[in-house]
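Asks: Submitted below is the structure of interest, expressed as structure tokens.
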Amino acid sequence: MSTDTSKILGINGLGRIGKLTLWHHAGRKFFDEIVINVGREVGTGMDDLIHYIERDSTYGRLEAFLHGFRGEPVITDVDPVSGTLMVNGVKIKILSTDRNPKDIPWADNNVELVVDTTGQFLDPNLESDAPKGSIRGHLEAGARKVIASAPFKLKQGAMIPDDAVTTVMGINDKDYDPVRHCLISNASCTTTCLAHMIKPLLDAFGLNRLLSASMATIHAATGSQEVLDRLPKTGKTDLRKNRSIMNNIILTSTGAAKALQQVIPEMANIGFIAESVRIPTATGSLIVLVINLQEELDKPPVKRDLINQIYEDTAKKQADGYLIFTDKQNVSSDIIGTPRAAAVIEGHETHTRTACISINLEHMQGIDKEMLENINDRVCAIQVTQAVIYGWYDNEMASYVNMLGDRTVTVAESMG
């Protein structure tokens with residue numbers, strides 16, 4: 001363990017999440033130093049790296065992001081020889097030689113906490129010396145804790161190991177055990193929003209009343225998509241991922257349903273479907289959540305106002321501000337930059353419909369035949385309400401990266 005009392009953060013990767021994580025912590029200033037592993041030379045030198053760090057096509061210039069319209073340049077003390085610079089008073093060191101986590105010199109730089117933003121090392125069961133690298137390689141290289149900025153990816157039938165955990169801030173962040181867990185997944189932007197939409201309903205109605213649920217995320221483009229149509233790589237089966245995101249609505253998949261069960265285990269008992277549609281916007285996404293609830297005689301009927309009240313009350317009670325309820329009429333660009341909002345519930349568009357569903361007991365599985373003989377009317381009418389709820393989220397900075405920053409700080413605090 002390092003005897004250095006300064007707080008040092010390691011970031012592996014400088015893509016969308018990596019760069020915005022740097023922006024977040026340069027503004028937050030919890031860490032005294034940030035060591036960033038890029039794993040290769042950038043452009044023709046340090047000036048090109050700085051050009052990339054200080055500008056962003058979605059969020060503007062770094063100095064304006066940090067200090068508004070009066071912002072002055074915040075990148076100073078650039079030393080190309082040592083690969084160091086200051087960003088808003090926070091020391092930054094750039095590593096550019098190693099891409100395999102086990103070879104990154106974290107120990108030499110006193111880095112004990114790493115945020116891996118590459119999206120490449122997500123199987124917590126792989127050994128540190130796996131040929132193509134492993135998230136455990138960071139531990140071999142000197143880190144004590146590693147946070148992945150994406151859901152873990154497990155092989156078919158594999159279980160999450162005892163020293164790994166998936167958390168969403170404000171939902172199950174207390175599941176993280178500082179003694180036991182050294183690998184932490186911060187789930188995904190979609191799972192984060194979805195969890196904050198589902199949890200208030202589970203708390204209000206209970207698990208037994210929630211019959212089924214489905215969601216579709218209308219999701220902004222990501223770096224894995226093509227600007228122009230491209231020939232698929234060998235063995236690839238999803239041809240749509242190679243089509244231009246600039247002028248297409250593209251059907252794709254999401255792992256939000258599986259990841260949700262890791263943060264809200266009760267969801268494993270509910271039939272749940274999750275789908276994703278990519279659209280040509282830079283950020284700002286929307287979840288359309290559809291739930292079916294059983295009405296009960298001794299409970300108030302499930303109506304639009306009741307559901308909105310549940311979300312509004314939850315938002316008011318939360319000290320962290322992760323859930324926001326609004327009755328205003330928003331579009332996706334209104335959500336960009338909303339501070340720390342995991343989900344912004346668009347109460348104006350909440351809808352409910354109640355209907356009677358007839359169920360023939362003779363056709364139901366698990367019904368005892370002797371019991372049926374004592375029942376004259378074997379067709380039951382059950383009142384079911386279907387509700388549609390809309391939740392916005394800034395899938396890059398404001399929702400996901402800000403909550404990733406909160407997770408990172410809480411883990412750092414637990415390390416002493």
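No value in this document is a laboratory result; all are computed from the given coordinates. Computed from a predicted model, the values in this text were never measured in an experiment. Quick reminder, even Gly has a Cβ in these numbers, built from the backbone with ideal geometry, and neighbours come from all protein chains shown.
Asks: So if I place +1 on the C-beta of Lys and Arg and -1 on the C-beta of Asp and Glu, and nothing else carries charge, what would the dipole magnitude of region 8-150 be about its Cα centre? I want it in debye, nearest 20.
Replies: Numbers: 16 positive and 20 negative charges, 91 e Å.
Dipole size: approximately 440 debye.
Asks: Still on this structure: When you count, for each residue, the other Cβ atoms within 10 Å and take the mean per peptide, how do 217-227, 284-294 rank with the highest first?
Replies: Per-residue Cβ counts within 10 Å, averaged per peptide and sorted highest first, yield 284-294, 217-227.
Asks: Sticking with this one: Test of understanding: ordering 30, 152 by Cβ neighbours within 10 Å, fewest first, what list do you get? Show your work: numbers first, answer last.
Replies: Details: 30 15, 152 24.
Lowest to highest Cβ neighbour count: 30, 152.
Asks: Another question about this same structure. At R0 = 25 Å, how high is the FRET efficiency between residue 79 and residue 410 if r is their beta carbon distance? Nearest 0.05 is fine. Each step should come with its number before you reach the end.
Replies: Numbers: r = 32 Å, r/R0 = 1.29.
The formula returns an efficiency of 0.20 here.
Asks: Whole-Hz ³J(HN,Hα) for each residue in region 199-209, computed from phi via Karplus 6.51 cos²θ - 1.76 cosθ + 1.60 with θ = phi - 60°, x for glycine and proline: what do you get?
Replies: With coefficients 6.51, -1.76 and 1.60, one gets 4, x, 6, 4, 5, 7, 9, x, 5, 5, 7 Hz.
Asks: Of all DSSP beta bridges located in region 73-193, what percent are antiparallel, nearest 5? Don't skip to the answer; put the middle values down first.
Replies: Working: 7 of 17 bridges.
Counting only bridges with both partners in region 73-193, antiparallel ones make up about 40 percent.
Asks: Moving to a separate point now. Given charges of +1 on the Cβ of Lys and Arg and -1 on the Cβ of Asp and Glu, with all other atoms neutral, how large is the dipole of the chain about its Cα centre, in debye to the nearest 20?
Replies: Values: 42 positive and 52 negative charges, 148 e Å.
So the dipole magnitude of the chain works out to roughly 720 debye.
Asks: Separate question: Per Stokes-Einstein, at 10 °C and 1.306 mPa s, what whole-number D in µm² s⁻¹ belongs to region 108-154, with the Kirkwood radius over Cα pairs as the hydrodynamic radius? The partial results should precede the final answer.
Replies: Numbers: Rh = 10.8 Å.
D = 148 µm²/s.
Asks: Which order do 189, 182, 380, 356 fall in if you start with the one that has the fewest other Cβ atoms within 10 Å?
Replies: Numbers: 189 28, 182 21, 380 13, 356 10.
By the 10 Å Cβ count, ascending: 356, 380, 182, 189.
Asks: Continuing with the same structure: Expressed in nm to one decimal, what extension gain is obtained for the pair residue 228 and residue 357 from 0.36 nm per residue of sequence separation less their Cα-Cα distance?
Replies: Working: separation 129, 0.36 × 129 = 46.44 nm, distance 4.77 nm.
Working it through step by step, the gained length comes to 41.7 nm.
Asks: By how many degrees, between 0 and 90 and to the nearest 10, does the Cα long axis of helix 16-28 differ from the longest principal axis of the chain?
Replies: 80 degrees
Asks: Calculate how steeply helix 304-317 sits against the longest principal axis of the alpha-carbon atoms of the chain, using the helix alpha-carbon long axis, and give the answer as 0 to 90 degrees to the nearest 10.
Replies: Once rounded, the angle reads 40 degrees.
Asks: Going 7 Å from the Cα of residue 47 along its beta-carbon direction, which residues of region 64-87 have the amide nitrogen within less than 20 Å of the resulting point?
Replies: From region 64-87, the list is 73-87.
Asks: What are the GluC sites (Glu not before Pro) within region 288-348 that DSSP puts in a loop, where the Cβ has at most 16 other Cβ atoms within 10 Å? Provide the component values of the computation, followed by the final result.
Replies: Details: sites: 295, 296, 312, 346; in loops: 295, 296.
Counting only loop positions with at most 16 other Cβ atoms within 10 Å, the GluC sites (Glu not before Pro) in region 288-348 are 295, 296.
Asks: Simple spin-label model, 7 Å along Cα-to-Cβ: residue 253 to residue 319 in nm?
Replies: In this crude spin-label approximation the distance works out to 4.1 nm.
Asks: Here's a follow-up. Working from the pairwise distances between different alpha carbons, so that the mean of 1/r is found and then inverted, what is the chain's Kirkwood radius in Å? All intermediate terms of the calculation are to be shown ahead of the outcome.
Replies: Numbers: mean 1/r = 0.0429 Å⁻¹.
Mean inverse Cα-Cα distance, inverted, gives 23.3 Å.
Asks: Count the DSSP beta bridges whose two residues both fall in the chain, then state the antiparallel fraction as a percent rounded to the nearest 5. Each step should come with its number before you reach the end.
Replies: Working: 42 of 80 bridges.
Antiparallel bridges make up about 50 percent of those DSSP assigns within the chain.
Asks: Set the Förster radius R0 to 45 Å, insert the Cβ-Cβ distance between residue 67 and residue 381 as r into 1/(1 + (r/R0)^6), and round the FRET efficiency to 0.05. Mind dumping the intermediate values first?
Replies: On the way: r = 62 Å, r/R0 = 1.39.
After rounding, the FRET efficiency stands at 0.10.
Asks: Sort 176, 400, 52 so the one with the fewest other Cβ atoms within 10 Å of its own Cβ comes first. Before the final figure, lay out the partial values.
Replies: On the way: 176 18, 400 29, 52 14.
Least crowded to most crowded, the residues run 52, 176, 400.
Asks: Can you work out D for region 8-150 in µm² s⁻¹ from Stokes-Einstein, where Rh is the Kirkwood radius over C-alpha pairs, the temperature is 20 °C and the viscosity is 1.002 mPa s? Write down the numbers at each step before the final one.
Replies: Details: Rh = 15.4 Å.
Taking Rh from Cα pairs, D becomes 139 µm²/s.
Asks: If you don't mind, there's one more thing I want to ask. Quick one: helix 402-414 against the long Cα principal axis of the chain, what's the angle to the nearest 10°, folded into 0 to 90?
Replies: Value to nearest ten degrees: 70.
Asks: With Cβ to Cβ distances under 12 Å as the rule, what net charge do the other residues near residue 336 carry (K, R +1; D, E -1)?
Replies: Working: positive: none; negative: 56, 334, 394, 396.
It works out to a net charge of -4.
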